[in-house]
Amino acid sequence: MLTVDFAHFNLEKLTDGIVYEDFIGFYKNVCLSDQLIGECMKINQELEEGLGYVLLRNCYNGDDLKKARKILIYICKYFGWPVSQTRNLKFMEEVTHEENNNNITAKIGYKSRSSMPFHTDRCDRNILFCFNKSLTGGVTHVVNSVQLYNKLLNALDGRLIQILGEKFPFDRHGEIYHNELPWYDAKIFYPTDTAATFVAHFIRYFIDSILDSREYKNDELIMEKIKLLDAIDSAFMDKDIGADVQLEKGDMLIMNSHLSHHARQHYADDSIDSKRLLLRVWLAHKESRKLPEDFSHIFHDVNAGAYRGGIWPDSSSRNFHMKEFAGK
Ligand SMILES: [Fe+2]
């Protein structure tokens, strides 16, 4: 995988002179450095036309969380426009273990130390920035979606390849408007000739919850669909494709959600005072690809280069922040 050492850019110094009042104000105040623009163009190309994931090393190795936040926002300015990750409007989420969290995110796992099954995120790009590493475990396995798709074509029998072209039901998780069904239908892969236009979409937890529900019936392919999902799970875990990334303090892993899948191992912490902490941002960006119409429900705007994706309190909040971040 493409790994770039950012130590010589001294991001701490570059961000020192920018006043921090809030996330949006800081993002708007950032001026881009020519040297960094050149490096980020190569990274952008790898994200859109290459493997779809890049590791930046040594972005910040200090212990000041506010400085780390500033550096992450600074990097966002080079790679896209932040989108909200929760219905409470949050542009930077903490991926860390939290006690007594019973909401849906805890079930998915990013607020726990549990392993997280492989999936794509509901955004164009996802950045994970390691502020504190785990004591053991927590390896992120990331796989290029084109390689995964080609591996499946080689491994599956003709019938399962046919099922691979079918649509699967994805849980809307309560985001239901105008008497819609509690799920939307989408394919797991939308293959094309080039990585630049390929699209993948997968959150097994969201599919299983619908396949198991009483409302979802009369699908004669259901058993074959489950067999295919198991085959995809096992192909993803094979070590002949993808990379195992142990995030060290100061590392940023940037992933294109349409061109890569990722999963995380369970982990153990050093102590309560020094637990694993990743900062996460989700981005839309101006070089993004056109998405299938089937994604309208989750991305709202499927056009290339749109401000899209994320999880929002409501559409007026999304529209307001589109103007703030993307000037649209
Ligand atoms: Fe994720």
Of the residues that sit in segment 138-151 and are away from the ligand (no atom under 15 Å from the Cβ) and buried (at least 20 other Cβ atoms within 10 Å of the Cβ), which one is nearest to Arg276 (Cα to Cα)? Asn144
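Please pick out the residue among Lys90, Lys66 that is within 27 Å of Trp312 (Cβ to Cβ), outside any loop (DSSP other than H, G, I, E, B) and of a type in the set (Lys, Arg).
Unique residue meeting the criteria: Lys66.
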Is it true that Asp171 is free of Cβ contacts under 8 Å to residues at least 40 places away in the same chain, of a type outside the set (S, T, N, Q) and not assigned by TED's automatic domain parsing to the domain that holds Ile43? yes
Quick count over segment 112-137, residues being more than 13 Å from the ligand (Cβ to nearest atom), surrounded by fewer than 20 Cβ atoms within 10 Å (Cβ to Cβ) and not aliphatic (A, V, I, L, M), is 6
Quick one: in segment 265-295, which of the residues that are among the polar types (S, T, N, Q) and either buried (at least 22 other Cβ atoms within 10 Å of the Cβ) or within 16 Å of the ligand (Cβ to nearest atom) (or both) is modelled with the highest pLDDT? Ser288
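Residues that are farther than 16 Å from Asp294 by Cα: find the strands (runs of 3 or more DSSP E) completely inside segment 97-197 holding 1 or more of those.
By residue number, 116-119, 125-132, 140-144.
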Segment 221-264: strands (runs of 3 or more DSSP E) wholly inside it with 2 or more residues that are within 15 Å of the ligand (Cβ to nearest atom) are 252-256, 260-264
Odd one out for Ala186, checked against (1) free of Cβ contacts under 8 Å to residues at least 24 places away in the same chain; (2) aliphatic (A, V, I, L, M); (3) buried (at least 21 other Cβ atoms within 10 Å of the Cβ): (1)
Looking for something out of contact with any Phe, Trp or Tyr (no Cβ under 6 Å at 6 or more places or on another chain) and assigned to a loop (DSSP other than H, G, I, E, B) - is there at least one such residue anywhere in segment 319-327? yes
Would you check if there is a residue in segment 45-58 being at pLDDT below 95, hydroxyl-bearing (Ser, Thr, Tyr) and surrounded by 15 or more Cβ atoms within 10 Å (Cβ to Cβ)? no
Top-ranked residue of segment 287-316 - restricted to ones that are assigned to a loop (DSSP other than H, G, I, E, B), without any contact (Cβ under 8 Å) to a residue 40 or more places away in the chain and not aliphatic (A, V, I, L, M), ranked as farthest from Asp124 (Cα to Cα): Asp314
Of the conditions (1) over 20 Å from the mean Cα position of the chain (by Cα); (2) modelled with pLDDT of 95 or more; (3) assigned by TED's automatic domain parsing to the domain that holds Ala263, the single one that Thr136 does not satisfy is (2)
Can you tell me which residue is modelled with the highest pLDDT among those in segment 198-220 that are within 28 Å of Asn256 (Cβ to Cβ) and assigned to a loop (DSSP other than H, G, I, E, B)? Phe198
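The values are calculated or read from the model by the stated rules, or taken from the named source; none is laboratory data. Please read these numbers as outputs of a predicted model, since none were measured by experiment. Positions of Cβ are backbone-derived with ideal geometry, glycine not excepted, and every protein chain shown enters the neighbour counts.
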